[in-house]
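Okay, so here's the structure we're looking at.
The values are calculated or read from the model by the stated rules, or taken from the named source; none is laboratory data. None of these values were measured; they are calculated from a predicted model. Positions of Cβ are backbone-derived with ideal geometry, glycine not excepted, and every protein chain shown enters the neighbour counts. Side chains are part of the model used for accessible areas, which takes the heavy atoms of the whole protein and leaves out ligands, DNA and RNA. Shrake-Rupley method; radii C 1.70, N 1.55, O 1.52, S 1.80 Å.
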2 protein chains.
Amino acid sequence: MTEDPNKGMQKAQVRFDCHGQATGKMRNELVVMMKLPFEEGPFELATDEGSFHGGDATASPPLALFVASITGCIMTQMRAFAKRLDITLNDLTVDSRAVWDWEAKGRVYETAPHYFEIDVSIDSPDEEARVIQLINVAKKGCFIEQTLSKANTINHRMKTADGWKAV
Amino acid sequence: MTEDPNKGMQKAQVRFDCHGQATGKMRNELVVMMKLPFEEGPFELATDEGSFHGGDATASPPLALFVASITGCIMTQMRAFAKRLDITLNDLTVDSRAVWDWEAKGRVYETAPHYFEIDVSIDSPDEEARVIQLINVAKKGCFIEQTLSKANTINHRMKTADGWKAV
């Protein structure tokens, strides 16, 4: 979202839905729709794994999409807010790193986030203090960064013969 | 990651790097590399925005990649762990919903996560209790779900004439 989703509104909800279908060995076909504040899409995406992980490498792995989404989100926010704050961006590049811990647990394994780093390179004729201000408002406007900054609950349900069951 | 990144190892780090270059009006070219536990990639991705948001709609918006990444990650984990736990998956579909709050703040805006829902449809001849077990181990093995479940710190730096500066 780079402009007010509802012009003149002060608050809104933004909702994205995704339908995933397992295909092939490890490939997932993913159809995403923005549902709120208005409909946009469908956006057709896919994930796969390399042969080492039992896949056919027909698409990027899920973690590549994840790191790309964070990087793209903060970059989009910087460009959108630069316009609003009259800050000139001649060039913008971002280098992100995401690191997780992986630990074997019996026949399966568990994972945990370790650290996230975002390095921003902005070519701007404006004062450094204004560019820092831009980065800081972009953090607060970035949906994904704000999501990672909080402990979120994810509710799961499983389809059963008797209907949806919380798991 | 669907197999042990290092066979026989009990612990490892998994690291993904992304380089983003702003192009066009709102498009970002994103090159992702897996760096640890071994190198894989590059994975070439992009984000853009629709005309309403000042973009050219040449790629999916960042939030579409984000919701696709969560959905693809949990699906991949279910298939990988089903093999390890000898659970048969004849078919697997997942429907996810991600909702954020958006609020205008002066000339910019702020965002916050609202809720996340993941509905799993598994066609399996195995007992329901075993399928529930599969979903629960998949949650713990899913890098992205584990990340969203915790409050993470993201460290930002800005390139200056004197080197990198924390912002």
### Task
State the number of residues belonging to the range B:32-80 that are surrounded by 23 or more Cβ atoms within 10 Å (Cβ to Cβ) and aromatic (Phe, Trp, Tyr).
1
### Query
Do we have any residue at all in the range B:127-135 that's more than 20 Å from A:Gly141 (Cα to Cα) and under 17 Å from the mean Cα position of the chain (by Cα)?
no
### Summary
Conditions (1) at pLDDT 95 or above; (2) of a type in the set (Lys, Arg); (3) closer than 17 Å to A:Lys11 by Cα -> B:Lys105 fails only (1)
#### Entry: Near pairs, Cβ below 6 angstrom, 6+ apart or cross-chain, from the range A:143-159 (under 12 Å from B:Glu145 (Cβ atoms)) to any residue that is among the β-branched types (Val, Ile, Thr) and open to solvent by 20 Å² or more (accessible area, probe 1.4 Å)
A:His156/A:Val167
### Query
Among the residues of the range A:139-167, how many are touching a Ser or Thr at 6+ places or on another chain (Cβ under 9 Å), of a type outside the set (D, E, K, R) and open to solvent by less than 50 Å² (accessible area, probe 1.4 Å)?
11
### Query
Condition test on B:Ile87, is it touching a Lys or Arg at 6+ places or on another chain (Cβ under 8 Å) and either farther than 24 Å from A:Gln13 by Cα or more than 7 Å from chain A (Cβ to nearest Cβ) (or both)?
yes
### Query
Which of the residues spanning the range B:72-98 are within 21 Å of A:Thr58 (Cα to Cα) and part of a strand (DSSP E or B)?
B:Asp91, B:Leu92, B:Thr93, B:Val94
### Task
Within the range B:3-30, track down each residue that is open to solvent by less than 60 Å² (accessible area, probe 1.4 Å) and more than 7 Å from chain A (Cβ to nearest Cβ).
B:Asn6, B:Thr23, B:Arg27
### Message
I need the full set of residues from the range A:31-70 which are within 7 Å of chain B (Cβ to nearest Cβ), in a helix (DSSP H, G or I) and either modelled with pLDDT of 95 or more or over 21 Å from B:Glu39 (Cβ atoms) (or both), in order please.
### Response
A:Pro62, A:Leu63, A:Ala64, A:Leu65, A:Phe66, A:Val67, A:Ala68, A:Ser69
### Query
Is it the case that some residue within the range B:123-134 is more than 7 Å from chain A (Cβ to nearest Cβ), among the basic types (Lys, Arg) and either under 23 Å from A:Phe52 (Cα atoms) or open to solvent by 10 Å² or more (accessible area, probe 1.4 Å) (or both)?
yes
### Query
Looking at (1) in contact with a strand residue (DSSP E or B) (Cβ under 8 Å, 6 or more places away or on another chain); (2) surrounded by fewer than 19 Cβ atoms within 10 Å (Cβ to Cβ), can you tell me which one B:Trp100 breaks?
(2)
### Query
Which condition breaks for A:Phe116 when tested against (1) crowded, with 16+ Cβ neighbours inside 10 Å; (2) under 24 Å from B:Gly141 (Cβ atoms); (3) without any contact (Cβ under 8 Å) to a residue 24 or more places away in the chain?
(3)
